[in-house]
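One structure is given here, and the rest of the page talks about it.
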Amino acid sequence: MVDHSELQVPGYEIPPEMQGQVVITTLDRIYNWGRRSSLWPMMFGLACCAIEMIAVQAPRFDLARFGMEVMRPSPRQSDVMIVAGTVTKKMVPAVVRLYNQMPEPKYVVAMGACASSGGPFKAGYNVVAGIDKFIPVDVYIPGCPPTPEALIYGMMKLQEKIDKQSIRQVRWYQKGPDSVQIPVPILGPDLIDPRRAEELKRIAAAQAQTQEG
Amino acid sequence: MATVTAPALDLAARFPQAVRPDTRPGYSGWIVEKDHLLEVATALRDEFGYDLLSSVTGVDYYPDTMEVVYHAYKTTGGPGIVFKVQVPRQDPIEVPSVTPIWAGAEFQEREAWDLLGIRFVGHPDLRRILTWEGFAGHPLRKDWKEPFYEEEAKPYKSRWPDGKFFYAEEKNPFKDNLKFPPDFNPEDWTPDKADALLYASLARYLKSDDELKTDRVIINLGPQHPSTHGVFRAVAVLDGETVVALKPVVGYLHRNHEKIGERNTFLQNMPFTDRLDYFNSMSNNWAYALAVEKLMGIQVPERAEYLRVIMAELSRIQNHLILIGMLLNDLGAYFTPSLYAFEERELILDIFEAASGSRMMCNYHRFGGVVRDIPPEALQKLKGLVYDRLPRKVDEFDRLLTENEILVSRLKGVGKLSAEDAIRYSITGPVLRACGVPYDVRRAEPYGIYDRFDFDVAVRYNGDVYDWYLIRLDEIRQSLRILDQAIRQMPEGPVMSTKPQYQVRVPPGEAYGRIEAPKGELGFYVVSNGKPNPWRYHVRAPSFVNITALEKMCVGNKIADFVVILGAIDIVLGELDR
């Protein structure tokens, strides 16, 4: 948490007539303070965890206390993608496309066992064993589904992560492309990750050889 | 309660050439010759009154036979009939489609084609449904192995008794949950293959036959769309704003319950049923427990029966409240009504948590009872809810919403479905009852102890979305009546008839357990071969079967009404895609 009294005492002598009227702080801190206090999640639910995500928005847990109640249906307007539920092979192209459509700065929270690792469904033929195989994840929240308290704690961890970022190093102010674009997986006989196309081809060829031999 | 029993139906006498009784030990019903299937099915519907086809599924009796299993019921109530078609297990496996007789078989037959590779001859639109076009193989066949295949059945030798830990990825050549045909080359693959057949099936609607030269457009809703209640996708052909054709595309949450379920032991499947309809884990548990208890032939103690009823009715109440809240969301009353609904839901979840230890994934039922008794404090809370708070809140919902002008004008006359169509499409649950068919499994074929309670089967007659909404309020009130009686009558006593055990002994045979889940008829078809794992574990999910009629409901309405209709059918993707 940002200590607000600290915000007003930057270590400079402030003339008495200005005290209480100006705030002096570092750019990083005010920038991060703004971002962390209005994290807009994408309205995006995949499975069971999405229900707990809605419960967190609901009266008892009230995520609005953290400035996160504005669920945006469009990825273009959202800051954080809560991957709430099992990611299937059929769905993962859409998830990656949504991630690509989000503007920087963007964060990903893997909510629940399925999004983190495949969870109870990992053995399934249509299940992606963790969304981190495709998009970078900032916070993992364990649980099946995580309780609302756990989700709130995970979001607070994300706030802590934001607090530690510096405007000088963040990737969206560096030279080069604005945003990380991840190649969208393709549905073939199984899920094809374009980044691994060469490797898949090589292993499939090796398999064919061992079958012949 | 005395029930009139109809004389047992002797199909073999009616069709001596085509039907013979299924005499395998533990099995029941009839085996129909493939060539006479349509004839027998027509007679069953028209002569014998089995108008509601509940479930169609396949079983792979590797290595010889492939079997298609049909469960049909009468909407006037009473026990159902099960009949099967056996075909040799050699491609092409072909069975006539029963869609001309029961339109509700359409998606279930597509599922059987997708997962088992049974080709239904005469099916109007036989495409893959849960996986995608181009997927290699039919996953529920016994000789099809998933990429993370380790052994046929749990407990795996690597984990028990010694427990040697390894990552599933290590044993897979692709180091991931992947499996490609040998010599597969990703560069030769055309990426649009998955949707080509879908758009081809819509092409005939694109030509407009009126004199004005207007274009019809195809629009895609989902799989990520704020109003589709999850990862549901629909592709609609529009004439202006009016829906001309609409195809649901599902499978975006296909989590392979059935394949995983065949590897699991019987008891290990219980927590997986929680994750089907994740609003109503208590009801799902019950349906599965019912099916396995039928196979095992065990009884449930009195107190456990009452606890089951209490939990199931509570989950019905919270399901319907959420549905109403979310329906208003879809209408544009953004969030406020659903906040009201979630407030009540939390109070009900408190009781679930106190009894089972978990808010959502309760895993509460066991074969022969429930896992633990309800604590006295939770019972006290429950009484407060049932006798005081919930009746007031239902009235409040009623007062705030029912007469609301916007709600009425958006819902009245939308999505209209006749009783005949609803039955033809195998629709069950509140939607069927709102079309004027008083069919409720709790009355039609009482399970548990529902024959002891005094309640009305809620029924409405217009079959539009407004009635679908009203019937939810009616059902909440009826559930409160049942809860009132259940709490008063509940005796003291044990909650398990057997001693808690990790491994249950299930004799060979088949069983179909079905309950009136909040969304419709939820059935589990379980086949055991005497081993610790089910040979076949099939879920007849109400959401999945109910959306068979989605196109019928939407055609002629505006595209904005599609969202409302979909919301009011009450689908949940965990159960729809399984």
Selection over region B:35-65 where residues are farther than 25 Å from residue B:115 by Cβ and in contact (Cβ under 8 Å) with a residue 60 or more places away in the chain yields a count of 1
State yes or no: is residue A:160 more than 10 Å from chain B (Cβ to nearest Cβ), more than 25 Å from residue B:151 (Cα to Cα) and not aliphatic (A, V, I, L, M)? yes
Give region A:111-122 a look and list any residue that's part of a helix (DSSP H, G or I), more than 9 Å from chain B (Cβ to nearest Cβ) and either in contact (Cβ under 8 Å) with a residue 24 or more places away in the chain or buried (at least 21 other Cβ atoms within 10 Å of the Cβ) (or both), or say none. A:112, A:113, A:115, A:116, A:119
Scanning region B:391-443 residue by residue, those β-branched (Val, Ile, Thr) and either outside any loop (DSSP other than H, G, I, E, B) or free of Cβ contacts under 8 Å to residues at least 60 places away in the same chain (or both) turn out to be B:394, B:402, B:406, B:408, B:423, B:431, B:441
For region A:164-191 the number of residues that are under 26 Å from residue A:96 (Cβ atoms) and touching a Leu at 6+ places or on another chain (Cβ under 7 Å) is 3
Has region A:9-18 got at least one residue that is among the aromatic types (Phe, Trp, Tyr) and without any contact (Cβ under 8 Å) to a residue 24 or more places away in the chain? yes
Has region B:215-235 got any residue that is more than 8 Å from chain A (Cβ to nearest Cβ), exposed (fewer than 12 other Cβ atoms within 10 Å of the Cβ) and either free of Cβ contacts under 8 Å to residues at least 60 places away in the same chain or within 30 Å of residue A:129 (Cα to Cα) (or both)? yes
Which of the residues belonging to region B:16-67 are in a helix (DSSP H, G or I) and either farther than 21 Å from residue B:527 by Cβ or touching a helix residue (DSSP H, G or I) at 6+ places or on another chain (Cβ under 6 Å) (or both)? B:35, B:36, B:38, B:39, B:40, B:41, B:42, B:43, B:44, B:45, B:46
Determine, yes or no, whether residue B:115 is in a helix (DSSP H, G or I), surrounded by 18 or more Cβ atoms within 10 Å (Cβ to Cβ), under 26 Å from the mean Cα position of the chain (by Cα) and within 14 Å of chain A (Cβ to nearest Cβ). yes
Name the residues in region B:331-353 that are within 12 Å of chain A (Cβ to nearest Cβ) and among the small types (Gly, Ala, Ser), would you? B:338, B:341
Restricting attention to region B:208-222, does a residue exist that is under 30 Å from residue A:198 (Cα atoms) and out of contact with any Ser or Thr (no Cβ under 9 Å at 6 or more places or on another chain)? no
Given the conditions (1) within 25 Å of residue B:564 (Cβ to Cβ); (2) within 14 Å of chain A (Cβ to nearest Cβ); (3) modelled with pLDDT of 85 or more, and given that residue B:176 satisfies all but one, which numbered condition is not satisfied? (1)
Among the numbered criteria (1) farther than 24 Å from residue B:345 by Cα; (2) part of a helix (DSSP H, G or I), which one does residue B:300 miss? (2)
Quick check, is residue B:143 more than 18 Å from residue A:192 (Cβ to Cβ) and of a type in the set (Asp, Glu)? yes
Could you check how many residues of region A:104-147 are in contact with a strand residue (DSSP E or B) (Cβ under 7 Å, 6 or more places away or on another chain), closer than 23 Å to residue A:183 by Cα and aromatic (Phe, Trp, Tyr)? 2
Quick one: is residue B:178 outside any loop (DSSP other than H, G, I, E, B) and surrounded by 15 or more Cβ atoms within 10 Å (Cβ to Cβ)? no
Filter result for the condition that a residue is more than 9 Å from chain A (Cβ to nearest Cβ), closer than 21 Å to residue B:357 by Cβ, of a type in the set (A, V, I, L, M, F, W, C) and touching a residue at least 60 places away in the same chain (Cβ under 8 Å), over B:328, B:267: B:267
Expected single match for in contact with a Gly (Cβ under 8 Å, 6 or more places away or on another chain), modelled with pLDDT of 90 or more, more than 13 Å from every other protein chain (Cβ to nearest Cβ) and over 30 Å from residue B:114 (Cβ atoms) among A:139, A:108 is A:139
Out of everything in region A:190-213 that is more than 7 Å from chain B (Cβ to nearest Cβ) and more than 36 Å from the chain's Cα centre (by Cα), what residue ends up being surrounded by the fewest Cβ atoms within 10 Å (Cβ to Cβ)? A:213
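Consider region A:123-135. How many of its residues are under 30 Å from residue A:32 (Cβ atoms) and surrounded by fewer than 24 Cβ atoms within 10 Å (Cβ to Cβ)?
5
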Given the criteria within 14 Å of chain A (Cβ to nearest Cβ) and surrounded by 16 or more Cβ atoms within 10 Å (Cβ to Cβ), does residue B:202 qualify? no
Of all residues in region A:83-104 being among the hydroxyl-bearing types (Ser, Thr, Tyr) and within 8 Å of chain B (Cβ to nearest Cβ), the one that is surrounded by the fewest Cβ atoms within 10 Å (Cβ to Cβ): A:88
Suppose the filter is more than 7 Å from every other protein chain (Cβ to nearest Cβ) and touching a Leu at 6+ places or on another chain (Cβ under 8 Å); does residue B:243 pass it? no
With the requirement that a residue be among the aliphatic types (A, V, I, L, M) and either in a loop (DSSP other than H, G, I, E, B) or farther than 17 Å from residue B:186 by Cβ (or both), what does region A:165-189 give you? A:167, A:170, A:180, A:182, A:184
Looking at (1) surrounded by fewer than 21 Cβ atoms within 10 Å (Cβ to Cβ); (2) of a type in the set (Gly, Ala, Ser); (3) within 29 Å of residue B:265 (Cα to Cα), find the lone condition where residue B:458 falls short. (3)
Within region B:475-485, can you find the residues that are under 22 Å from the mean Cα position of the chain (by Cα) and either surrounded by fewer than 22 Cβ atoms within 10 Å (Cβ to Cβ) or outside any helix (DSSP H, G or I) (or both)? none
If the requirement is being more than 10 Å from chain B (Cβ to nearest Cβ) and modelled with pLDDT of 85 or more, which of these qualifies: A:170, A:184? A:170
Consider region A:33-74. How many of its residues are surrounded by fewer than 17 Cβ atoms within 10 Å (Cβ to Cβ), more than 7 Å from every other protein chain (Cβ to nearest Cβ), in a loop (DSSP other than H, G, I, E, B) and not charged (D, E, K, R)? 6
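The values are calculated or read from the model by the stated rules, or taken from the named source; none is laboratory data. Not measured: the values here are computed from a predicted model. Neighbour counts run over all protein chains shown; Cβ positions are idealised from the backbone, glycine included.
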